[in-house]
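Chemist: A single structure is presented below for examination.
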Amino acid sequence: AVSVTVPIVNTDRSAGAMLAGQVARAHGNRGFKGQINVQFEGSAGQSFGAFTLPGLSIKLVGEGNDYVGKGMHGGELMIVPNADAGFTAADSSIIGNACLYGATGGDFHANGRAGERFCVRNSGAFAVAEGAGDHCCEYMTGGVVVILGETGRNFGAGMSGGVAYVWDPAMDFSKKCNLESFEIETLIQPPRTGNRRYLICPI
(Lines give C-alpha, C1' and ligand atoms only; values in the text may rest on other atoms or scores of the structure.)
Protein backbone atom coordinates (compact mmCIF):
# COMPACT_ATOMS: atom_id res chain seq x y z
CA ALA A 1 0.00 0.00 0.00
CA VAL A 2 1.15 3.52 -0.76
CA SER A 3 -0.30 7.01 -0.19
CA VAL A 4 0.64 10.33 -1.77
CA THR A 5 -0.72 13.89 -1.82
CA VAL A 6 -0.14 16.11 -4.87
CA PRO A 7 -1.40 19.51 -6.10
CA ILE A 8 -3.54 19.83 -9.23
CA VAL A 9 -4.69 22.68 -11.50
CA ASN A 10 -7.38 22.75 -14.18
CA THR A 11 -4.91 22.30 -17.05
CA ASP A 12 -4.11 18.85 -15.60
CA ARG A 13 -6.46 16.61 -17.56
CA SER A 14 -7.22 12.90 -17.10
CA ALA A 15 -5.39 12.84 -13.77
CA GLY A 16 -5.10 9.24 -12.63
CA ALA A 17 -5.65 7.67 -16.06
CA MET A 18 -1.97 6.91 -16.73
CA LEU A 19 -1.64 5.41 -13.25
CA ALA A 20 -4.65 3.18 -13.90
CA GLY A 21 -3.10 2.17 -17.23
CA GLN A 22 0.19 1.17 -15.63
CA VAL A 23 -1.63 -0.90 -13.01
CA ALA A 24 -3.71 -2.60 -15.71
CA ARG A 25 -0.62 -3.42 -17.78
CA ALA A 26 1.02 -5.09 -14.82
CA HIS A 27 -1.97 -6.78 -13.20
CA GLY A 28 -4.93 -6.68 -15.57
CA ASN A 29 -8.11 -4.73 -15.03
CA ARG A 30 -9.04 -6.53 -11.81
CA GLY A 31 -5.93 -8.39 -10.71
CA PHE A 32 -4.20 -5.74 -8.58
CA LYS A 33 -4.12 -6.83 -4.91
CA GLY A 34 -2.41 -3.75 -3.46
CA GLN A 35 -3.81 -0.35 -2.51
CA ILE A 36 -2.80 3.02 -3.95
CA ASN A 37 -4.23 6.14 -2.28
CA VAL A 38 -3.80 9.45 -4.07
CA GLN A 39 -5.10 12.77 -2.78
CA PHE A 40 -5.17 15.69 -5.19
CA GLU A 41 -5.63 19.23 -3.91
CA GLY A 42 -6.89 22.02 -6.17
CA SER A 43 -9.03 22.35 -9.31
CA ALA A 44 -8.89 19.35 -11.62
CA GLY A 45 -9.17 19.53 -15.40
CA GLN A 46 -11.44 17.34 -17.52
CA SER A 47 -11.70 13.57 -17.04
CA PHE A 48 -10.33 13.51 -13.50
CA GLY A 49 -10.07 9.91 -12.29
CA ALA A 50 -10.86 8.43 -15.71
CA PHE A 51 -10.67 4.62 -15.91
CA THR A 52 -10.11 4.15 -12.18
CA LEU A 53 -9.82 0.46 -11.37
CA PRO A 54 -9.82 -1.78 -8.27
CA GLY A 55 -7.02 -0.97 -5.83
CA LEU A 56 -7.04 2.77 -6.57
CA SER A 57 -8.53 5.27 -4.15
CA ILE A 58 -8.46 8.78 -5.59
CA LYS A 59 -9.61 11.80 -3.62
CA LEU A 60 -9.91 15.36 -4.85
CA VAL A 61 -10.01 18.17 -2.30
CA GLY A 62 -11.26 21.06 -4.40
CA GLU A 63 -13.49 20.74 -7.47
CA GLY A 64 -13.59 18.81 -10.72
CA ASN A 65 -14.44 19.68 -14.32
CA ASP A 66 -16.46 17.63 -16.83
CA TYR A 67 -16.18 13.84 -17.24
CA VAL A 68 -14.99 13.03 -13.70
CA GLY A 69 -14.77 9.24 -13.41
CA LYS A 70 -15.25 8.58 -17.13
CA GLY A 71 -14.98 4.85 -17.83
CA MET A 72 -14.46 4.04 -14.15
CA HIS A 73 -14.72 0.32 -13.47
CA GLY A 74 -13.51 -0.13 -9.90
CA GLY A 75 -11.84 1.50 -6.95
CA GLU A 76 -12.99 4.71 -5.28
CA LEU A 77 -13.37 8.33 -6.34
CA MET A 78 -14.16 11.04 -3.79
CA ILE A 79 -14.65 14.77 -4.39
CA VAL A 80 -14.86 17.12 -1.41
CA PRO A 81 -14.53 20.92 -1.10
CA ASN A 82 -11.69 22.63 0.69
CA ALA A 83 -12.27 23.11 4.40
CA ASP A 84 -12.13 26.89 3.90
CA ALA A 85 -14.22 26.93 0.69
CA GLY A 86 -16.73 29.34 2.21
CA PHE A 87 -19.85 27.78 0.69
CA THR A 88 -22.39 25.11 1.58
CA ALA A 89 -21.39 21.99 -0.31
CA ALA A 90 -24.93 20.70 -0.78
CA ASP A 91 -25.95 23.92 -2.54
CA SER A 92 -22.96 24.17 -4.87
CA SER A 93 -21.71 22.28 -7.92
CA ILE A 94 -18.44 20.51 -7.19
CA ILE A 95 -18.14 18.55 -10.46
CA GLY A 96 -19.07 19.35 -14.05
CA ASN A 97 -21.09 17.60 -16.76
CA ALA A 98 -21.21 13.98 -17.94
CA CYS A 99 -19.45 12.63 -14.86
CA LEU A 100 -19.18 8.82 -14.64
CA TYR A 101 -19.87 8.60 -18.37
CA GLY A 102 -19.79 4.92 -19.28
CA ALA A 103 -18.74 3.77 -15.79
CA THR A 104 -18.94 0.02 -15.24
CA GLY A 105 -18.03 -0.26 -11.55
CA GLY A 106 -16.48 1.34 -8.50
CA ASP A 107 -17.69 3.73 -5.80
CA PHE A 108 -18.10 7.46 -6.36
CA HIS A 109 -18.95 10.08 -3.72
CA ALA A 110 -19.34 13.81 -4.29
CA ASN A 111 -19.72 16.17 -1.34
CA GLY A 112 -21.67 18.65 -3.48
CA ARG A 113 -23.81 18.82 -6.60
CA ALA A 114 -23.10 17.31 -10.02
CA GLY A 115 -23.64 19.02 -13.37
CA GLU A 116 -25.77 17.79 -16.25
CA ARG A 117 -25.90 14.20 -17.52
CA PHE A 118 -24.58 12.74 -14.27
CA CYS A 119 -24.06 8.97 -14.67
CA VAL A 120 -24.92 8.97 -18.37
CA ARG A 121 -24.52 5.40 -19.65
CA ASN A 122 -23.55 4.15 -16.19
CA SER A 123 -23.70 0.36 -16.22
CA GLY A 124 -22.31 -0.68 -12.85
CA ALA A 125 -20.97 2.09 -10.63
CA PHE A 126 -22.35 3.09 -7.25
CA ALA A 127 -22.58 6.88 -7.15
CA VAL A 128 -23.70 9.48 -4.63
CA ALA A 129 -24.10 13.25 -5.17
CA GLU A 130 -25.97 15.99 -3.34
CA GLY A 131 -27.95 17.05 -6.40
CA ALA A 132 -27.66 16.95 -10.19
CA GLY A 133 -28.51 18.98 -13.29
CA ASP A 134 -30.60 18.01 -16.32
CA HIS A 135 -30.63 14.51 -17.88
CA CYS A 136 -29.31 12.67 -14.80
CA CYS A 137 -29.08 8.87 -15.31
CA GLU A 138 -29.55 9.26 -19.08
CA TYR A 139 -29.23 5.88 -20.87
CA MET A 140 -28.22 4.21 -17.61
CA THR A 141 -28.15 0.40 -17.88
CA GLY A 142 -26.94 -0.70 -14.43
CA GLY A 143 -25.50 0.34 -11.10
CA VAL A 144 -26.96 2.41 -8.28
CA VAL A 145 -27.26 6.19 -8.13
CA VAL A 146 -28.19 8.15 -4.99
CA ILE A 147 -29.17 11.81 -5.37
CA LEU A 148 -29.42 13.59 -2.02
CA GLY A 149 -31.04 16.74 -3.34
CA GLU A 150 -32.76 18.37 -6.29
CA THR A 151 -32.36 17.28 -9.89
CA GLY A 152 -32.90 19.00 -13.22
CA ARG A 153 -35.37 18.05 -15.94
CA ASN A 154 -35.51 14.89 -18.07
CA PHE A 155 -34.31 12.53 -15.34
CA GLY A 156 -33.75 8.98 -16.55
CA ALA A 157 -34.24 9.49 -20.28
CA GLY A 158 -33.57 6.15 -21.97
CA MET A 159 -32.75 4.46 -18.65
CA SER A 160 -33.03 0.67 -19.09
CA GLY A 161 -31.36 -0.75 -15.98
CA GLY A 162 -29.99 -0.02 -12.53
CA VAL A 163 -31.66 1.75 -9.65
CA ALA A 164 -31.79 5.38 -8.54
CA TYR A 165 -32.73 6.74 -5.13
CA VAL A 166 -33.73 10.40 -5.05
CA TRP A 167 -34.46 12.67 -2.11
CA ASP A 168 -37.01 15.28 -3.13
CA PRO A 169 -37.03 18.19 -0.65
CA ALA A 170 -39.22 20.35 -2.93
CA MET A 171 -41.63 17.48 -3.72
CA ASP A 172 -41.56 18.21 -7.46
CA PHE A 173 -39.34 15.40 -8.70
CA SER A 174 -42.05 13.53 -10.61
CA LYS A 175 -42.52 16.56 -12.87
CA LYS A 176 -38.85 16.39 -13.91
CA CYS A 177 -38.83 12.73 -14.96
CA ASN A 178 -38.88 11.12 -18.37
CA LEU A 179 -41.24 8.25 -17.54
CA GLU A 180 -41.03 6.37 -20.83
CA SER A 181 -38.76 3.63 -19.48
CA PHE A 182 -39.03 3.57 -15.69
CA GLU A 183 -41.47 3.90 -12.85
CA ILE A 184 -41.30 5.76 -9.54
CA GLU A 185 -42.03 4.30 -6.14
CA THR A 186 -42.29 6.37 -2.97
CA LEU A 187 -40.15 4.73 -0.29
CA ILE A 188 -41.79 6.34 2.73
CA GLN A 189 -44.81 8.48 3.36
CA PRO A 190 -43.80 12.14 3.32
CA PRO A 191 -43.57 13.57 6.82
CA ARG A 192 -45.13 16.88 7.69
CA THR A 193 -41.96 18.67 6.68
CA GLY A 194 -42.76 17.75 3.07
CA ASN A 195 -39.64 15.72 2.27
CA ARG A 196 -40.12 12.70 0.03
CA ARG A 197 -37.76 9.93 -1.07
CA TYR A 198 -38.14 7.94 -4.28
CA LEU A 199 -36.94 4.69 -5.77
CA ILE A 200 -36.63 4.71 -9.57
CA CYS A 201 -36.69 1.35 -11.34
CA PRO A 202 -36.75 0.65 -15.09
CA ILE A 203 -39.92 -1.04 -16.28
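The values are calculated or read from the model by the stated rules, or taken from the named source; none is laboratory data. Bear in mind the structure is a predicted one, so any value in this text is a computation, not a measurement. Using ideal geometry, Cβ is built from the backbone for each residue, glycine included, and neighbour counts are taken over all protein chains shown. Ligands, DNA and RNA are stripped out before the accessible areas are found, and what is left, the full protein with its side chains, is counted by its heavy atoms. Shrake-Rupley method; radii C 1.70, N 1.55, O 1.52, S 1.80 Å.
Chemist: Considering only region 44-65, how many residues are in contact with a strand residue (DSSP E or B) (Cβ under 7 Å, 6 or more places away or on another chain), open to solvent by less than 10 Å² (accessible area, probe 1.4 Å) and among the small types (Gly, Ala, Ser)?
Modeler: So the count comes out to 3.
Each row is one residue, and each column tells you yes or no for (1) under 15 Å from Ile95 (Cβ atoms); (2) part of a strand (DSSP E or B).
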{"position": "Phe108", "(1), (2)": "yes, yes"}
{"position": "Phe118", "(1), (2)": "yes, no"}
{"position": "Ala125", "(1), (2)": "yes, yes"}
{"position": "Gly133", "(1), (2)": "yes, no"}
{"position": "Cys136", "(1), (2)": "yes, no"}
{"position": "Tyr139", "(1), (2)": "no, no"}
{"position": "Arg153", "(1), (2)": "no, no"}
{"position": "Met159", "(1), (2)": "no, no"}
{"position": "Ala164", "(1), (2)": "no, yes"}
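Chemist: Inside region 183-199, can you point out the residues that are within 16 Å of Thr151 (Cα to Cα) and modelled with pLDDT under 70?
Modeler: Within region 183-199, Asn195, Arg196, Arg197, Tyr198, Leu199 meet the criteria.
Chemist: Quick check: is even one residue across region 85-108 within 13 Å of Ile200 (Cβ to Cβ) and aliphatic (A, V, I, L, M)?
Modeler: No: region 85-108 contains no residue that is within 13 Å of Ile200 (Cβ to Cβ) and aliphatic (A, V, I, L, M).
Chemist: Name the single residue that is modelled with the lowest pLDDT among those in region 138-182 being hydroxyl-bearing (Ser, Thr, Tyr) and open to solvent by 40 Å² or more (accessible area, probe 1.4 Å).
Modeler: Ser174
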